[in-house]
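Here's the structure, in structure tokens; my notes come after.
The values are calculated or read from the model by the stated rules, or taken from the named source; none is laboratory data. Remember, predicted model here, so these are calculated numbers, not experimental data. Backbone-built Cβ (ideal geometry, glycine too); neighbour counts: all protein chains shown. When the accessible area is computed, the model is the full protein with side chains, heavy atoms only, and any ligands, DNA or RNA have been set aside. Shrake-Rupley method; radii C 1.70, N 1.55, O 1.52, S 1.80 Å.
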Amino acid sequence: MAQIDTNKLKQAEAASAIVKDMITSAIEQSAANPTLCAEALKTASNEVTQIQTLINDVQSQLQA
């Protein structure tokens with residue numbers, strides 16, 4: 001049985017916490033600063049893509 005790379009999962013977990021904070025901040029700033037809100041959401045989206053890559057890597061290891 002393949003071994004789980006817990007470091008990648010911990011990285012994904014940490015990044016998801018940061019993304020949650022980015023989204024919360026974007027919501028709070030949306031009325032006052034729509035440009036900052038849009039940038040925060042764009043950055044959060046990029047982070048989510050990286051998180052998905054980490055998770056996919058671990059899933060691939062499990063299937064190997």
Q) Any residue at all in region 35-48 that is without any contact (Cβ under 8 Å) to a residue 40 or more places away in the chain and in contact with a Lys or Arg (Cβ under 9 Å, 6 or more places away or on another chain)? A) yes
Q | Condition check for SER16: among the hydroxyl-bearing types (Ser, Thr, Tyr), at pLDDT 95 or above and surrounded by 11 or more Cβ atoms within 10 Å (Cβ to Cβ) | A | yes
Q: Would you mention how many residues in region 19-46 are part of a helix (DSSP H, G or I) and either open to solvent by 50 Å² or more (accessible area, probe 1.4 Å) or closer than 21 Å to LEU62 by Cα (or both)?
A: 18
Q. Within the set of pairs 6+ apart or on separate chains, which have a first residue in region 49-64 that is within 9 Å of ALA12 (Cβ to Cβ) and touching a residue at least 24 places away in the same chain (Cβ under 8 Å), a second that is open to solvent by 60 Å² or more (accessible area, probe 1.4 Å) and of a type in the set (A, V, I, L, M, F, W, C), and C-beta atoms under 8 Å apart?
A. LEU54/LEU9; ILE55/LEU9; VAL58/ILE4; VAL58/LEU9
